[in-house]
Structures are given as C-alpha cells and as structure tokens.
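Have a look at the structure below, then the notes.
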Amino acid sequence: MKKIFYFTLGLVLAVACEKEPAIMDPDREFLVYTEPSPNFDSTAYTSFYLPDSILVMSNAREPYYSTSYYATALLGQVRDNLKGFGYTQVTDPADADLGARLIYLERLDRYYHYYVNPFWWWGCPGYPADWSPDYLRTGSALVVELLDMVGEPSQPVPFSQSLYSVVWMAYLGGPASTSLYYDVLRMQDAIDQAFVQSPYLKK
C-alpha cells in the first residue's frame, strides 16, 4: 500500500508542475468544426455529385488533384454519409442539387516560441525559469464543402473550379502522425463526426 501511495504522490506532483496540453492534443484525434449557410434547408436538395479526386495543397509543393487510394477512401466516407442522410448520388453534375468538394491540407507547419516554459511551472526542480524553447508542430487538415448546384454558377466553368455557393462546410484538423494511413483513418472518423454533429443535413 505504501509503495502505491508513494508512486501516486510522485505522479501527482509531476503532473501538478506540468501545464495543460494544447487544445488539439488531448487524444490525438482531429478537431471537427462544421457550419451551414444561414438559410440552409435540406428539403431543397435531393441528389449530390461527388468528383473522383480531391484537391491537395501543401507548403512543400504545388496544389494538385489526387485520385489515390487515400483520396478515394475519403471521398467514399463522404459519399456513404450523404447516402445515409437520404441523398441520391448522380454521375452527372448537371443533374445534382448538391456537389461535394474536398480539399486536403497535406502539411501545416506552425512554429512556436515561448518566452516562458510551456511545459513546467517555474520553480519545479531541474527546470530553469528562463528556459524559452522553440518547436515546430506539423498538422494536416481536410475541408469538406457542400455546394448549391440548383442555381447556375456565375460563370460556366468545370466543377473543380466551380463558383457555386457553399451551403455547408466542415474543417477537420489536428496533429499529423508519421503514418498517412493512420491520418486517413482519423480523417474518416472525423468525417463521420462532422455529419453526426450536423443533423440538419438529414432529409
């Protein structure tokens, strides 16, 4: 019993010195933010069009469209959720009421500098009060947009460059891991969560 007590006491003291984690780090899952247009009405839409690629943007290379296995997996997750909400998929964008557009932000580098220690409160043993670390956080994100295709766009352009109004968007972001496969699995879960927290999309 004493050994357990001493171990627990030491753990409490250590945690007491540590500051709270960043908001995006507690469970390594993606933050999910969704927002509809102010006058969104699901009864105005019955069908959707889904392209065969997603736009990939990165600070390491030029934007490009991807039809990879991972892109297909993310597109499929959006498709399954839209079908589950009562929408019918069509293959011709001219026949669709809604269009889905996915943008993958492949690498988001954020640089941090702390003028005070970000991890340990001043005065804890072994940590100088003037320690000011710099570090890099790498993240990734996926933006999902639903476009109103009932009205005509302001200019006749391909769907990938469309000027349709966005009636719903979801931002899914978080820290990147060393495995793209694992990141895509987390994004698929985040896509599900985006629809769960948007019940107004249901037919």
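Of all residues in region 75-99 being aliphatic (A, V, I, L, M) and in contact with a strand residue (DSSP E or B) (Cβ under 6 Å, 6 or more places away or on another chain), which is farthest from Asp189 (Cα to Cα)?
Taking region 75-99 first, the residues aliphatic (A, V, I, L, M) are 75, 78, 82, 90, 94, 96, 98.
Checking the rest, the ones that are also in contact with a strand residue (DSSP E or B) (Cβ under 6 Å, 6 or more places away or on another chain) come to 78, 82, 90, 96, 98.
Details: Val78: 11, Leu82: 15, Val90: 25, Ala96: 26, Leu98: 22 Å.
Restricting to residues being aliphatic (A, V, I, L, M) and in contact with a strand residue (DSSP E or B) (Cβ under 6 Å, 6 or more places away or on another chain), the top hit is Ala96.
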Residue list for region 48-66, restricted to those being surrounded by fewer than 16 Cβ atoms within 10 Å (Cβ to Cβ), part of a strand (DSSP E or B) and touching a residue at least 24 places away in the same chain (Cβ under 8 Å): Ser58, Tyr65
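Here is a check on your reading of the model: is Ile4 hydrophobic (A, V, I, L, M, F, W, C), within 23 Å of Gly174 (Cβ to Cβ), out of contact with any strand residue (DSSP E or B) (no Cβ under 7 Å at 6 or more places or on another chain) and modelled with pLDDT under 85? Show your work before the answer.
Working: hydrophobic (A, V, I, L, M, F, W, C): yes; within 23 Å of Gly174 (Cβ to Cβ): no; out of contact with any strand residue (DSSP E or B) (no Cβ under 7 Å at 6 or more places or on another chain): yes; modelled with pLDDT under 85: yes.
For Ile4, the condition - hydrophobic (A, V, I, L, M, F, W, C), within 23 Å of Gly174 (Cβ to Cβ), out of contact with any strand residue (DSSP E or B) (no Cβ under 7 Å at 6 or more places or on another chain) and modelled with pLDDT under 85 - is not met.
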In region 67-95, the residues that are more than 15 Å from Val144 (Cβ to Cβ), outside any helix (DSSP H, G or I) and among the hydroxyl-bearing types (Ser, Thr, Tyr): Thr67, Ser68, Thr88, Thr91
Number of the condition not met by Ser154 [criteria: (1) at pLDDT below 50; (2) more than 30 Å from Asn39 (Cβ to Cβ)]: (2)
Of all residues in region 160-187 being buried (at least 18 other Cβ atoms within 10 Å of the Cβ) and part of a helix (DSSP H, G or I), the one that is modelled with the lowest pLDDT: Asp183
Counted residues, region 78-108 - those being within 13 Å of Leu142 (Cβ to Cβ), small (Gly, Ala, Ser) and surrounded by fewer than 17 Cβ atoms within 10 Å (Cβ to Cβ): 0
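The values are calculated or read from the model by the stated rules, or taken from the named source; none is laboratory data. Computed from a predicted model, the values in this text were never measured in an experiment. When we count neighbours, we look across all protein chains shown, and the Cβ atoms used for this are built from the backbone with ideal geometry, even at glycine.
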